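Here's the structure we're looking at; comments come further down.
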Amino acid sequence: MSRLTMAVCIPTYERRDIVEDFLNNCYDAYTAAGIDLYFYDSSIGDETQSLIQDWLPKGRLYYVRMPSDMHPNTKAYRIFQGYGMERKYDFVLLSSDGLQHQKNLISQAMECLDLKYDMIILDWISGRDRAGQFIDDLDEMMTLSAYHMSSFGAVVLNTHTMLHDVDWASYEKRFLKEPLIPWSHVCYYFERAAELDGFHGFVLSLPFRSVRFSMYKKDSVWTESVFSYVCEGWVQVIEGLPERYIHKDKVIREFSRDYFFNSECFLQYRRRGLFSYGLCKKYWGVWKKVTPVSRLSLLAIASLPRKWLNRAYRLDFQKRFSQLKKFCASHSKIVIYGKGTQGYLYGKFLMDQHLKLDGFCVSHSVSEGEQFMGYPVRTFTKPEDGGGETGYIIGVASGNAPAVLATLQAAVPGDHFFLDLKLSNEIRYQYGYSFLVIK
């Protein structure tokens with residue numbers, strides 16, 4: 001039997017730094033697994049094109065130019081139709097330029113490829129212990145996987161079933177329009193699966209550390225429109241699915257709460273000027289579907305003067321920053337645990353504040369002599385200097401924080417590590433990055 005083929009297709013727009021970060025970190029792992037990489041670039045300038053063309057001689061890499069005014073999800077539909085591809089593939093994965101699948105995920109995904117599966121869902125979010133779960137019930141697939149299926153980079157499609165003999169004109173007419181277009185890929189996944197004569201899906205569950213997000217991607221492109229995207233788009237997408245999908249209210253609620261989980265989320269939106277009294281009233285009939293926060297609480301938050309709110313955050317930041325300075329002063333060496341976006345931001349913050357920094361550590365193995373931001377990186381196996389002199393700042397995404405915290409708790413005394421997700425959020429805010437949802 002010949003080896004099954006797969007292409008990873010990545011829309012991008014004016015993101016040369018992110019694309020370069022992707023190629024430096026991921027090109028070898030993807031291509032070593034036999035995966036072809038396609039970049040669909042709609043940039044106005046030529047910087048991204050020039051970068052990718054320098055990499056083309058390495059092989060398994062393709063550049064496709066797209067119109068600069070084309071919506072990312074219109075690009076997605078073109079990709080589904082095979083636009084720009086040099087050959088036919090058995091499987092296609094629509095991904096994001098800011099998302100970097102790690103080697104373990106890539107190898108396990110390739111092992112799962114089987115033509116009996118119409119769709120393979122890569123789940124690094126839920127934390128459920130269901131690796132290798134076969135799903136043939138559409139409602140179960142939606143209930144378990146709708147949240148991560150909304151992300152570019154999470155759904156591997158069988159081109160022989162999911163992308164074959166499709167009425168594309170109908171799909172484009174129905175879904176490539178507001179307010180559905182940001183979720184038109186999700187519309188396609190669920191609507192197309194319901195059209196098949198017997199759907200067969202496979203869910204591959206992996207740890208959150210199986211993916212990395214580029215440190216150069218400060219914010220989601222749709223943060224500014226999060227309320228219309230969720231309260232209008234997402235709600236309409238799920239409520240409009242065929243009757244075979246039953247638990248729609250549950251899916252709307254579980255997805256939306258990751259953006260509107262608690263009052264802190266709305267306070268963060270309010271301080272950024274994204275949440276207002278008028279917007280609160282606009283979606284008055286929708287809030288119960290998408291958030292556990294009461295409507296009276298939302299009204300109160302929407303009415304807060306932003307000047308007062310920002311002052312309160314500044315005062316809280318000063319208190320937390322003071323605790324960080326005391327922590328740094330109490331140790332002769334400071335090491336940041338993590339070298340992803342949050343590790344990078346902590347490193348930048350310490351340097352900007354002229355605080356000590358001696359290096360980084362991570363859970364996985366690293367190359368000899370590896371550096372990050374000009375500092376040495378090592379694998380954390382045991383405390384440096386017996387744990388007595390080194391202080392560890394936990395600089396990882398909120399999803400990875402519990403595992404890192406458990407590792408350090410088992411290895412060093414409690415006063416030798418520092419974790420403050422609210423301080424992490426404030427540092428992200430100061431550098432223009434999206435906030436973390438603290439649950």
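Identify the single condition in (1) crowded, with 18+ Cβ neighbours inside 10 Å; (2) touching a residue at least 40 places away in the same chain (Cβ under 8 Å); (3) in contact with a Cys (Cβ under 8 Å, 6 or more places away or on another chain) that residue 268 does not satisfy, given that it satisfies every other one.
Going through (1) crowded, with 18+ Cβ neighbours inside 10 Å; (2) touching a residue at least 40 places away in the same chain (Cβ under 8 Å); (3) in contact with a Cys (Cβ under 8 Å, 6 or more places away or on another chain) one by one, residue 268 breaks only (3).
Pairs, please: C-beta under 9 Å, at least 6 apart or cross-chain, first residue part of a helix (DSSP H, G or I) and in region 417-429, second open to solvent by less than 20 Å² (accessible area, probe 1.4 Å) and among the charged types (D, E, K, R)?
Every condition considered, the pairs that remain are 429/271.
So which residues in region 256-277 are among the hydroxyl-bearing types (Ser, Thr, Tyr), farther than 28 Å from residue 149 by Cα and not in a helix (DSSP H, G or I), if there are any at all?
Across region 256-277, the qualifying residue is only 276.
Restricting attention to region 337-387, and to residues there that are in contact (Cβ under 8 Å) with a residue 40 or more places away in the chain and of a type in the set (S, T, N, Q), which single residue is nearest to residue 416 (Cα to Cα)?
Step by step, filter region 337-387, then rank; the result is 363.
Let me spell it out: the conditions are (1) assigned to a helix (DSSP H, G or I); (2) touching a residue at least 24 places away in the same chain (Cβ under 8 Å); (3) open to solvent by less than 50 Å² (accessible area, probe 1.4 Å), and residue 280 meets all of them except one. Which number is the exception?
Going through (1) assigned to a helix (DSSP H, G or I); (2) touching a residue at least 24 places away in the same chain (Cβ under 8 Å); (3) open to solvent by less than 50 Å² (accessible area, probe 1.4 Å) one by one, residue 280 breaks only (2).
Kindly establish whether residue 64 is of a type in the set (A, V, I, L, M) and within 19 Å of the chain's Cα centre (by Cα).
No: the conditions fail for residue 64.
When you go through 44, 18, 35 one by one, which is the residue that is open to solvent by 10 Å² or more (accessible area, probe 1.4 Å), among the hydrophobic types (A, V, I, L, M, F, W, C) and closer than 16 Å to residue 63 by Cα?
Checking each option against the conditions leaves just 44.
Testing residue 147 on (1) free of Cβ contacts under 8 Å to residues at least 40 places away in the same chain; (2) closer than 25 Å to residue 401 by Cβ; (3) surrounded by fewer than 22 Cβ atoms within 10 Å (Cβ to Cβ), one condition comes back false. Which one is that?
Only one criterion is unmet by residue 147, namely (1).
Among 415, 420, which is of a type in the set (D, E, K, R), surrounded by fewer than 20 Cβ atoms within 10 Å (Cβ to Cβ) and more than 24 Å from residue 214 (Cα to Cα)?
Testing whether each residue is of a type in the set (D, E, K, R), surrounded by fewer than 20 Cβ atoms within 10 Å (Cβ to Cβ) and more than 24 Å from residue 214 (Cα to Cα) leaves just 415.
Those residues that are charged (D, E, K, R) and over 15 Å from residue 295 (Cβ atoms), I need them from region 271-284; list them, please.
Passing the criteria: 271, 272.
The values are calculated or read from the model by the stated rules, or taken from the named source; none is laboratory data. Keep in mind the model is a prediction, meaning the values are calculated, not measured. Glycine also receives a Cβ, built like all others from the backbone with ideal geometry; neighbour counts cover every protein chain displayed. Heads up: the accessible areas ignore ligands, DNA and RNA and are worked out on the full protein's heavy atoms, side chains in. Shrake-Rupley method; radii C 1.70, N 1.55, O 1.52, S 1.80 Å.
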